[in-house]
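One structure is given below, encoded as structure tokens.
The values are calculated or read from the model by the stated rules, or taken from the named source; none is laboratory data. Predicted, not measured: the structure shown is a model, and the values here were computed from it. All Cβ positions, glycine included, derive from the backbone under ideal geometry; neighbour counts span all protein chains shown. Protein only, heavy atoms only, side chains kept; ligands, DNA and RNA dropped before computing areas. Shrake-Rupley method; radii C 1.70, N 1.55, O 1.52, S 1.80 Å.
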Amino acid sequence: MPMSDWPELAGEVQKRWNRNATFWDDYMGEQSNDFHNLLVRPAMDRLLDVKAGHNVLDIACGNGNFSRFLAGLGARVTAIDASSGMIDRARARSEEYPAGCSENGTANRNEESAGSIDYRVIDVTDTNALATLGTNGFDAAVSNMAVMDMAEVGPMFAAVRGLLKPGGVFVFSLAHPCFQAPYAVRYAEQVDQDGSMVQKAGMKIDRYLTPQPFEGLAIVGQPVPSLIFHRPLSVLLTLCFKAGFVLDGLEERAFDDSVEADRELSWANLKEIPPMMAMRLRRLA
Ligand SMILES: C[S@@+](CC[C@H](N)C(=O)[O-])C[C@H]1O[C@@H](n2cnc3c(N)ncnc32)[C@H](O)[C@@H]1O
């Protein structure tokens, strides 16, 4: 298998997310954006099926927007991110869900249905830090739109397996590697076709199979570009299978007709091309 982890870039990733944390949090705000609300959250919700009282690990939680959604469903959430700037912002927005989990991820609150969030600064490329979360304590782990931001994921998949209860699931969403491949080109064209002007929008991809880091913008205008780690599906899933997971759920989502594009090259004009996918991995016993 080709090399697909770049541990030497983990520090740089952390530095850049700290630089971008305030901008990201101001942009996403309390409600997040259409991408998250219309594509990511419904897919994740279906794949996860969280119940009140579940212990859930939110990996690379950013400003905690999905952690609060989970806590609102009554889950006891442990939310981690490598960026202390993101965790500061997440804590400030989450006062209604005070931490309620003990060190090993087990609940120490009596109310079965009261959601809680315990935020911690943990870089998942540091497996010793992940080990502080205990063993076999979580019903589920989630990670939204972050796996492609992680410099190293092989050890992380193995460590997450050990954090889950037998039969537990790791559900994650990511920028679709086929359509958000390095330097993918979005185009808009106009064709004079049979007496009418037809507008077309599409994509051109010229690299996919080779894993590679590249710089990209999660949000236009962010202070510094993000480092993005492209891994084709075969490479990513092989790492998951090697860690002891099976894949038992998958969604690919694009905007539907209810969403109006605010610019020509918006994802909302590419209704047959999913910019994201979500997968459910299940821990083999
Ligand atoms: C695109 S944001 C997604 C945030 C959040 N999950 C959401 O959906 O709003 C990516 C997040 O991944 C975090 N991240 C990147 N590499 C990480 C790592 N190795 N360990 C933990 N968090 C990491 C960044 O700090 C950033 O908060």
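Please list, by residue number, every one of the trypsin sites (Lys or Arg not before Pro) in segment 34-80 that is coil in DSSP and has at most 15 other beta-carbon atoms within 10 Å.
Filter output for segment 34-80: LYS51.
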In the chain, what percent of the accessible surface is made up of carbon and sulfur (1.4 Å probe, ligands and nucleic acids excluded)? 50 percent
On a C-alpha basis, how far is the centre of segment 50-83 from the centre of segment 160-193 in Å? Whole number, if you could? 21 Å
About the Cα centre of the chain, how large is the charge dipole given +1 on each Lys and Arg Cβ and -1 on each Asp and Glu Cβ? Please answer in debye to the nearest 20. 740 debye
Taking θ as phi - 60°, what are the ³J(HN,Hα) couplings along segment 144-153 by the Karplus curve (6.51, -1.76, 1.60), each to the nearest whole Hz, with x for Gly and Pro? 9, 6, 9, 4, 6, 8, 9, 5, 9, 10
List the residues whose amide H sits under 5 Å from the amide H of HIS230, counting only those 5 or more places along or on another chain, with H placed 1.01 Å from N in the peptide plane. GLN212, PHE214
Using Cα-only point scatterers and the Debye equation, what is log10 of I(q)/I(0) for the chain at each q in 0.12, 0.15 Å⁻¹, rounded to two decimals? -0.75, -1.17
Would you mind getting the accessible area per residue of segment 1-102, heavy atoms of the protein chains only, 1.4 Å probe, in Å²? 42 Å²
Most positive-pole-ward Cα, GLN190, PRO166, ALA131, against dipole of segment 122-219 from beta carbon charges: PRO166
Once Lys and Arg are counted +1 and Asp and Glu -1 for all other residues with Cβ under 15 Å from that of LEU270, the total becomes -3
Calc'd 3J(HN,Hα), segment 279-284, phi into Karplus 6.51 cos²θ - 1.76 cosθ + 1.60 (θ = phi - 60°), Hz, glycine/Pro = x, comes to 10, 10, 9, 10, 5, 5
If you find the alpha carbon centre of segment 257-273 and of segment 1-22, how far apart are they in angstrom? 30 Å
Collect residues whose amide H, placed 1.01 Å from N in the peptide plane, falls under 5 Å from the amide H of MET277; neighbours closer than 5 in sequence don't count. LEU174, HIS176
Local charge sum around GLN190 (other residues, Cβ-Cβ under 12 Å, Lys/Arg +1, Asp/Glu -1)? -2
Would you work out which of ALA140, PRO213, ALA82 lies farthest towards the positive end of the dipole of the chain, given +1 charges on the beta-carbon of Lys and Arg and -1 on that of Asp and Glu, about the Cα centre? ALA140
Given a 1.4 angstrom probe, what's the average accessible area per residue across segment 168-213, in square angstrom? 57 Å²
